[in-house]
Amino acid sequence: MSADVVADTEDTGAGEVLAADEIKAMRERIDEIDQAIIDLWLERARLSQQVGRTRMASGGTRLVLSREQAIFERFRSALGADGIQVAQMILRAGRGPL
């Protein structure tokens, strides 16, 4: 086995070169998805902070608990129990810790 074949299969954990190539392609797509998630996370946090500033500047409250509960429920429905943790992190990114 050539050094390139060994490196390809070791990098991916695959036992065959064709599987290693397939894994590399899937990982490239995963990396693209990860970047999209990061970009959307940052955009959402910025928008959420703007909403909070606008709401407070108009004399409103810092938080709207019914809105947060709706977000928790949306994520729980879509992702199961882990969705609650995802929603908590997303909300914290937009408003900071309570």
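Values quoted throughout were computed directly from the atomic coordinates according to the rules given, and no laboratory measurement underlies them. Since we're looking at a predicted model, the values are computed, not measured. Here the Cβ is made from the backbone with ideal geometry for all residues, glycine too, and neighbour counts use every protein chain on show.
Residues of region 45-93 that are more than 20 Å from the chain's Cα centre (by Cα) and hydroxyl-bearing (Ser, Thr, Tyr): Thr54, Ser58, Thr61, Ser66. For region 45-63, a residue qualifies if it is of a type in the set (A, V, I, L, M, F, W, C) and over 17 Å from Ala93 (Cβ atoms), and the qualifying residues are Met56, Ala57. Being part of a helix (DSSP H, G or I), of a type outside the set (Phe, Trp, Tyr), more than 30 Å from Val64 (Cβ to Cβ) and free of Cβ contacts under 8 Å to residues at least 24 places away in the same chain is the requirement here; does Gln35 meet it? Taking the combined requirement at face value, the residue satisfies it.
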